[in-house]
1. FRET efficiency for Tyr18 and Tyr206, Cβ-Cβ distance as r, R0 = 41 Å, nearest 0.05?
2. Would you mind checking the tilt of helix 93-110 against the longest principal axis of the Cα atoms of the chain, expressed as 0 to 90 degrees and rounded to 10?
3. Given R₀ = 45 Å, FRET efficiency for Ala91-Ala44 by Cβ-Cβ distance, to 0.05?
4. What's the exposure ranking of Ile186, Ile32, Ile177, Ile145, going from fewest to most Cβ atoms within 10 Å?
5. According to the Kirkwood expression over distinct Cα-Cα pairs, how big is the hydrodynamic radius of the range 132-212, in Å?
6. Which values, in whole Å and largest first, are the semi-axes of the equivalent ellipsoid of the range 1-102 obtained as the square root of 5 times each eigenvalue of the Cα gyration tensor?
7. Hey, any idea what Rg/Rh is for the chain, computing Rh the Kirkwood way over Cα pairs?
8. Any chance you could give the angle, 0 to 90 degrees and rounded to 10, that helix 166-187 forms with the longest Cα principal axis of the chain?
Amino acid sequence: MQGLTSLMERLERKEREYNARRAQILEQAEKIFATKGFHNVTMAEIAAASGFSIGSLYQFFEGKENLYTTMISEKLDLMYAEVRKAPAAAADVIEKIEMLIDAHLQFVEKNTNFLLLFIKGEKTSSSEDMESLNKKLAYGYYDHITFIENLLKDGVDRGLLRSLPPRDMAEALFYLIRASSVTWMIKSTKESLLSRKKFIMDIFLYGVKKND
């Protein structure tokens with residue numbers, strides 16, 4: 001029994017070490033891809049930045065494109081998970097909207113390298129990895145808009161929001177957040193992106209028409 005416990009502990013330690021090294025590679029790759037673009041990066045550069053040999057890198061990823069698509073895919077999963085978790089702590093629909101916006105903006109601030117890759121919008125190839133990623137991007141966007149739609153529909157049903165199509169409102173809110181995020185990254189301002197939350201809330205809830 002003691003031998004089995006010792007074996008399990010060794011296996012768990014190896015798994016932790018493997019995951020830590022893999023995460024280190026993905027982190028360095030994200031920085032380099034964001035700076036130089038997919039086509040101008042080599043596996044040798046990523047290996048050097050990560051502190052591994054090229055041979056070791058291929059123990060984790062099949063090649064540059066597999067590394068790139070894995071990085072994008074896993075970061076998207078993280079973004080959606082964090083953003084969707086945030087509104088759960090809010091008491092009412094308006095607060096849920098605020099928490100949703102806040103989570104989006106916080107993620108952008110913490111992951112500017114990742115979002116810069118989206119601004120560049122580079123195409124790699126039509127490989128199986130890339131086709132799989134493109135499908136995930138499409139389905140991920142659809143699911144996320146549906147999540148926001150359901151949140152807003154609850155507000156409409158409760159009479160807290162105007163009786164407008166929740167899907168259209170969800171897309172409008174998402175693109176308000178996206179536009180503010182992209183502008184902030186392009187300008188490279190020292191101002192926190194979170195300072196835009198009040199503006200996004202104001203435009204989304206009240207529009208631009210001056211009240212009489």
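1. Between Tyr18 and Tyr206 the formula returns 0.20.
2. 40
3. 0.30
4. Ranking Ile186, Ile32, Ile177, Ile145 by Cβ neighbours within 10 Å, fewest first, gives Ile186, Ile145, Ile32, Ile177.
5. 14.4
6. Over the Cα atoms of the range 1-102, the ellipsoid semi-axes are 32, 26, 9 Å.
7. Value, to two decimals: 1.06.
8. It works out to around 60 degrees.
Readers should treat all values here as calculations from the given coordinates under stated rules, not as data from a laboratory. Bear in mind that the values here come from a model prediction, so they are computed numbers and not experimental data. Because the Cβ atoms are built from the backbone with ideal geometry, glycine has one as well, and the counts that use them run over all protein chains shown.
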